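A quick write-up on the structure given underneath.
No value in this document is a laboratory result; all are computed from the given coordinates. For clarity, every value in this text was computed on a predicted model and none was experimentally measured. Cβ atoms come from the backbone with ideal geometry, glycine included; neighbour counts cover every protein chain shown.
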Amino acid sequence: MTSEALELLKYPIGKFRFVPPTSENEIQKMIEDIAQLPTRLIDATKSMNEQQLNTPYRPDGWTVRQLIHHIADSHMNSYIRFKLAATENSPTITTYEEQLWAELADGKDAPISLSIALLTALHERWVWFIKSLSIAQLQQMVFLHPANGAMSLEKALAMYAWHSNHHLRHITDLRVRLNF
């Protein structure tokens, strides 16, 4: 496999690049992407069997099961970061070793229904919270990432809308490639 083909499998919608939104409609679209992710994941995985769920989306990549659990892990961390930024003055967040989390028993073997149920409730709560913030608050509230520096909630919102679509696309592209 060429490096270009592997890069396309890794980043089917491209790497995240923050472009500040220019309208409230763009913010609403990001919120909607996050709101709809649990339903989209259900639709993308509902007819997949255990073998298909245990199929990596790319060479040396996570399985579909690990992707679903990773999304739950990542979005739980993001929700907490949003709340910290809203209640503290530029808090320094902690990172987590996502690759190691994906290798733990729950990431490798647990039913995806657990993480989908978690994401359904989490996203309802997260979206409720995000919608309570003004655009100015999204721009002004920040957390400090140890490796990436200051991140506004506006940028974090854009990143997690991208993250939602990025991993959903991994699953839908795999289904097309392997005719699941």
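Please sort 160-168, 49-57 by packing, taking for each peptide the average over its residues of neighbouring beta carbons within 10 angstrom, highest first.
Values: 160-168: 21.1, 49-57: 14.4.
Highest to lowest by the protection proxy: 160-168, 49-57.
Please list, by residue number, every one of the trypsin sites (Lys or Arg not before Pro) in the stretch 1-106 that is coil in DSSP and has at most 15 other beta-carbon atoms within 10 Å.
Values: sites: Lys10, Lys15, Arg17, Lys29, Arg40, Lys46, Arg65, Arg81, Lys83; in loops: Lys15, Arg17, Lys46.
Loop-located and lightly packed - Lys15, Arg17, Lys46.
Need the C-alpha centroid separation for the stretch 24-47 versus the stretch 118-161, integer Å.
15 Å
Given a Förster distance of 30 Å, report the FRET efficiency between Phe129 and Lys10 from their Cβ-Cβ distance, rounded to the nearest 0.05. Spell out each step's value before the answer.
On the way: r = 31 Å, r/R0 = 1.02.
The formula returns an efficiency of 0.45 here.
Structure shown: which of Lys46/Lys83; Lys15/Lys108; Lys10/Lys108; Lys108/Lys155; Lys10/Lys155 lie over 28 Å apart, alpha-carbon to alpha-carbon? Write out the running numbers ahead of the final one.
On the way: Lys46/Lys83 32 Å; Lys15/Lys108 25 Å; Lys10/Lys108 19 Å; Lys108/Lys155 30 Å; Lys10/Lys155 21 Å.
The answer is Lys46/Lys83; Lys108/Lys155.
How compact and how long is the chain, expressed as Rg and Dmax of its alpha-carbon atoms in Å?
16.5, 49
Using Cα atoms only, what is the angle between the long axis of helix 24-45 and the major principal axis of the chain, expressed in degrees (0 to 90) to the nearest 10?
30 degrees
Counting Lys and Arg as +1 and Asp and Glu as -1, each charge on the Cβ, what is the dipole of the chain about the Cα centre in debye, to the nearest 20? Let's see the in-between values first.
Working: 17 positive and 19 negative charges, 51 e Å.
Dipole of the chain, to the nearest 20 debye: 240 debye.
How much length would be gained if the chain were fully extended between Glu26 and Glu98, taking 0.36 nm per residue of separation minus their Cα-Cα distance, in nm to one decimal? Could you put the intermediate results ahead of the total?
Numbers: separation 72, 0.36 × 72 = 25.92 nm, distance 2.87 nm.
Additional length available on full extension: 23.0 nm.
Quick one: angle between helix 112-131 and the longest Cα principal axis of the chain, in degrees between 0 and 90, rounded to 10, please.
The angle comes out near 20 degrees.
Just to be sure I understand the model, the point goes 7 Å from the Cα along the line to the Cβ. What's the resulting Ile42 to Ala110 distance in nm?
It works out to 1.9 nm between the two label points.
Which angle from 0 to 90°, rounded to the nearest 10, does the C-alpha axis of helix 64-87 make with the longest principal axis of the chain?
Roughly 10 degrees between the two axes.
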